[in-house]
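Q: Pasting a structure here, questions to come.
The values are calculated or read from the model by the stated rules, or taken from the named source; none is laboratory data. Remember, it's a predicted structure, so these values are computed and weren't measured experimentally. Every residue, glycine among them, receives a Cβ derived from its backbone with ideal geometry; neighbour counts consider all protein chains shown.
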Amino acid sequence: MPAIHRALPALRRIRIANATFQQASRIRLQPSAAAAASRPAYQLRYQHAEAQTEAEPTTSASGADHAPQEQPDRPQQKIKFTADSYPSLKRDSRFKELTEDDVKYFKELLGSESAVIDGVTKDAFEELDAFNADWMRKYRGQCRLVLKPESTEQVSKILKYCNDNMLAVNPQGGNTGLVGGSVPVFDEIVVNLARMNNVRSFDEVSGILVADAGVILQQADDHAAQHGHIFPLDLGAKGSCQIGGNVATNAGGLRLLRYGSLHGNVLGLEAVLPDGTIVDDLSTLRKNNTGYDLKQLFIGGEGTIGIVTAISILCPQRSPAVNVAYFGLESYEKVQQAFREAKKQLSEILSAFEMMDGQAQKLYAKANGARLPLEGEHPFYCLIETSGSNTDHDSEKLNTFLEHVMGEEIVSDGVVAQDESQLQSLWACREGISESSQHFGGVYKYDLSIPLPQLYSLVEEARSRFESNGLMGDSDDFPVMDVIGYGHMGDSNLHLNVVCRRYDKEVEKAVEPWVYEWVAERKGSISAEHGLGLAKKPFIGYSRSETMVKLMRQVKELYDPNGIMNPYKYI
Ligand SMILES: Cc1cc2nc3c(=O)[nH]c(=O)nc-3n(C[C@H](O)[C@H](O)[C@H](O)COP(=O)(O)OP(=O)(O)OC[C@H]3O[C@@H](n4cnc5c(N)ncnc54)[C@H](O)[C@@H]3O)c2cc1C
């Protein structure tokens, strides 16, 4: 990568990213033990950065010692059962309770000890807990049976049996979902797809990947990379989440700006309906205008109408030239200006534009004992990524852009990654926020689509709300530590996180339904990319009309007349 300082001698304030910010980011995605137990050791992108940075001592521009600081201990609070946290939720009495005979059937069907975690005929509490508890440590079910099929036929037989016997089912991928959809509420059987993890085919010419639903996103991307392609989705949990889970949640992520949503990229899928019917729509065609596009119902269906067992997806060519820049800015107005300029000047090579407020970056640094890339404090930060096919061409464009935003004082300070490890370290500052937000006890997460001009006002209003109602403060007396805002600026998608020392009903009451009303008044969406799950189910009316909800219920009843699929959630 050419040195920007040589290309831009006038821009003294743009410092080339160097070892100074490559402090050890100690953050780790803490996947459920369920995912950990059943997946290869793929790690988050920012963990890769850590490995590189810990190996080499770092020196700051000012000569200060950048040795990693002690990471504060993370309090491990006991997770309450969802049924206790939400006493208004009652187990549906139509569902049968599991018996020894049921377990016997599943053991014979799956034919392997490791494919069944049986808490019905024996004590498997510890092992099951990993599948019962969600990533946020907010929801905890009471499932006593986990099934891990390894073929579509096994999934079909499992669902048929469950449907015939009125046994409720909770499909589960990597269990990284953020709305409580991936774990049971009561004693639903968890059907975990981790053992269905084969790539079925990759077409070098078209870039179409066909793979089992249980393939981990990182693994899918690595496979595409071997063929010079890229998986069109990327997100902070890529080391644990599964492509079936991604499709089931219609995950958005970091590069939606460039590659678009899964509704466009997924070309076909294979799924199993509750009655055991295998839906083979694993098309690899880009064009197929023959009737209703029913696969779209499974994309974002969150396991409520069937289990996705395989997908085919269009993977774009991987860009050989990737640049990442990280800026400090003095106001949200400037962030918007920078975004406008980035679109104008970087146009087709712009692949990500992420916004983080100062509090989000401070929290990231605090949770990880890390030092941020820029000296001094800035109210806002942006991360811009470009991906293109010609290094010289892209660098020239980026330099012109940098010259402009620095010259016009749209950005106050910035760094540009010079190599892969710096690039990873800059990304870590963005991707590490989600993990950091729940590091100190808990987090209430709101994932919202809001028109860009109003997007950040919500964070400011939420902050003053917690300040005035006495729930937020510096000591342990206050449940709320801070309110942070960050997100996919390019998609008008704000992540509002209420960072807590502990989960507290008063906090929830202060923010809900206020936050949804706020968003609805501005015609936004109460869930931009995380879905509905259990957390957002009661609030769908803020984003969807009665007619839409009625139509959705009809779809649910048509596909899952017994209501066994992921009950208590979605709609
Ligand atoms: C650090 C971190 C960063 C994240 N960043 C983003 C982000 O940028 N963008 C984003 O959109 N999300 C993000 N998420 C949320 C989460 O990673 C995504 O929702 C992901 O797509 C979930 O995949 P999973 O395999 O973990 O699914 P799970 O969490 O296991 O399940 C999620 C839902 O899908 C259903 N499901 C899972 N697999 C299947 C299947 N095969 N068939 C049918 N239903 C199924 C489950 O029942 C559940 O309702 C992030 C999460 C974390 C922890």
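Q: Is at least one residue of segment 154-161 within 16 Å of VAL120 (Cβ to Cβ), within 9 Å of the ligand (Cβ to nearest atom) and either of a type in the set (A, V, I, L, M, F, W, C) or not assigned by TED's automatic domain parsing to the domain that holds ILE243 (or both)?
A: Initial filter on segment 154-161 (within 16 Å of VAL120 (Cβ to Cβ)): 158, 161.
In the following step, the residues that additionally are within 9 Å of the ligand (Cβ to nearest atom) were identified as none.
No, because not a single residue in segment 154-161 is within 16 Å of VAL120 (Cβ to Cβ), within 9 Å of the ligand (Cβ to nearest atom) and either of a type in the set (A, V, I, L, M, F, W, C) or not assigned by TED's automatic domain parsing to the domain that holds ILE243 (or both).
Q: What single numbered condition from (1) buried (at least 23 other Cβ atoms within 10 Å of the Cβ); (2) touching a Phe, Trp or Tyr at 6+ places or on another chain (Cβ under 8 Å) fails to hold for ALA462?
A: Here ALA462 meets the rest and fails (2).
Q: Mind listing whichever residues of segment 287-317 are without any contact (Cβ under 8 Å) to a residue 60 or more places away in the chain, more than 15 Å from the ligand (Cβ to nearest atom) and under 22 Å from VAL215 (Cβ atoms)?
A: none
Residue-by-condition table, conditions (1) more than 16 Å from the ligand (Cβ to nearest atom); (2) free of Cβ contacts under 8 Å to residues at least 24 places away in the same chain; (3) not assigned by TED's automatic domain parsing to the domain that holds GLN361; (4) not aliphatic (A, V, I, L, M):
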{"residue": "GLY470", "(1), (2), (3), (4)": "yes, yes, yes, yes"}
{"residue": "ASP477", "(1), (2), (3), (4)": "yes, yes, yes, yes"}
{"residue": "ASP482", "(1), (2), (3), (4)": "yes, no, yes, yes"}
{"residue": "LYS505", "(1), (2), (3), (4)": "yes, yes, yes, yes"}
{"residue": "GLU508", "(1), (2), (3), (4)": "yes, no, yes, yes"}
{"residue": "TYR516", "(1), (2), (3), (4)": "yes, no, yes, yes"}
{"residue": "HIS530", "(1), (2), (3), (4)": "no, no, yes, yes"}
{"residue": "GLY533", "(1), (2), (3), (4)": "no, no, yes, yes"}
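Q: Now for a separate question. Taking TYR568 and the conditions (1) at pLDDT 95 or above; (2) away from the ligand (no atom under 15 Å from the Cβ), which numbered condition does it fall short on, given that it satisfies the others?
A: So TYR568 meets the others, but not (2).
Q: In segment 499-536, what residues are on the phi > 0 side of the Ramachandran plot and among the small types (Gly, Ala, Ser)? Please lay out each step first, then the result.
A: Taking segment 499-536 as the starting set, the residues that turn out to be on the phi > 0 side of the Ramachandran plot are 523, 531, 533.
Selection gives GLY531, GLY533.
Q: Could you please find all residues in segment 296-322 being of a type outside the set (Ser, Thr, Tyr), buried (at least 22 other Cβ atoms within 10 Å of the Cβ) and touching a Ser or Thr at 6+ places or on another chain (Cβ under 8 Å)?
A: Across segment 296-322, the qualifying residues are GLU302, ALA310.
Q: I would also like to ask the following. Looking only at segment 545-571, count how many residues are exposed (fewer than 12 other Cβ atoms within 10 Å of the Cβ) and of a type in the set (Val, Ile, Thr).
A: Of the residues in that region, 1 qualify.
Q: Provide a single number: the residues in segment 226-239 that are within 10 Å of the chain's Cα centre (by Cα) and more than 6 Å from the ligand (Cβ to nearest atom).
A: From segment 226-239, those within 10 Å of the chain's Cα centre (by Cα) are 234-238; that's our starting set.
When the remaining residues are screened for being more than 6 Å from the ligand (Cβ to nearest atom), the result is 234, 238.
Count: 2.
Q: Further, regarding this structure: Applying the selection to segment 375-384, what residues are charged (D, E, K, R) and touching a helix residue (DSSP H, G or I) at 6+ places or on another chain (Cβ under 8 Å)? First the steps, then the outcome.
A: Our first condition is that a residue be charged (D, E, K, R); within segment 375-384, this holds for 375, 377.
Selection gives GLU377 alone.
Q: For LEU269, are the conditions met, namely being more than 8 Å from the ligand (Cβ to nearest atom), under 26 Å from the mean Cα position of the chain (by Cα) and among the hydrophobic types (A, V, I, L, M, F, W, C)? So that I can check it myself, show each step before the final result.
A: Numbers: more than 8 Å from the ligand (Cβ to nearest atom): yes; under 26 Å from the mean Cα position of the chain (by Cα): yes; among the hydrophobic types (A, V, I, L, M, F, W, C): yes.
Answer is yes for this residue.
Q: Do we have any residue at all in segment 396-410 that's at pLDDT 95 or above, within 16 Å of the ligand (Cβ to nearest atom) and either farther than 29 Å from VAL498 by Cβ or not aliphatic (A, V, I, L, M) (or both)?
A: No: segment 396-410 contains no residue that is at pLDDT 95 or above, within 16 Å of the ligand (Cβ to nearest atom) and either farther than 29 Å from VAL498 by Cβ or not aliphatic (A, V, I, L, M) (or both).
Q: Only residues that are modelled with pLDDT under 95 and either of a type in the set (Phe, Trp, Tyr) or crowded, with 23+ Cβ neighbours inside 10 Å (or both): list them for segment 368-380, please.
A: ALA370
Q: Please verify whether VAL190 is surrounded by 23 or more Cβ atoms within 10 Å (Cβ to Cβ), more than 20 Å from the chain's Cα centre (by Cα) and within 11 Å of the ligand (Cβ to nearest atom), treating the condition exactly as stated.
A: yes
Q: Does at least one position in segment 170-180 carry a residue that is assigned to a loop (DSSP other than H, G, I, E, B), away from the ligand (no atom under 16 Å from the Cβ) and either at pLDDT 95 or above or over 29 Å from PRO538 (Cα atoms) (or both)? Can you show your working first?
A: First, the residues of segment 170-180 that are assigned to a loop (DSSP other than H, G, I, E, B): 173-180.
Filter once more, so that each one left must be away from the ligand (no atom under 16 Å from the Cβ): none.
No.
Q: Tell me, yes or no, whether segment 356-367 has at least one residue that is outside any helix (DSSP H, G or I) and at pLDDT 95 or above.
A: Of segment 356-367, the ones outside any helix (DSSP H, G or I) are 356-357.
In the following step, the residues that additionally are at pLDDT 95 or above were identified as 356-357.
For segment 356-367, residues outside any helix (DSSP H, G or I) and at pLDDT 95 or above: present.
Q: Can you name the number of the only condition in (1) within 13 Å of the ligand (Cβ to nearest atom); (2) more than 20 Å from VAL169 (Cα to Cα); (3) not in a helix (DSSP H, G or I) that GLY214 fails?
A: In the conditions (1) within 13 Å of the ligand (Cβ to nearest atom); (2) more than 20 Å from VAL169 (Cα to Cα); (3) not in a helix (DSSP H, G or I), GLY214 misses (2) alone.
Q: Going by the structure shown, is SER206 over 22 Å from PHE353 (Cα atoms) and under 12 Å from the mean Cα position of the chain (by Cα)?
A: Values: over 22 Å from PHE353 (Cα atoms): yes; under 12 Å from the mean Cα position of the chain (by Cα): no.
Criteria not met by SER206.
Q: Do you know which residues across segment 400-411 are buried (at least 20 other Cβ atoms within 10 Å of the Cβ) and not β-branched (Val, Ile, Thr)?
A: Correct list: PHE401, LEU402, MET406.
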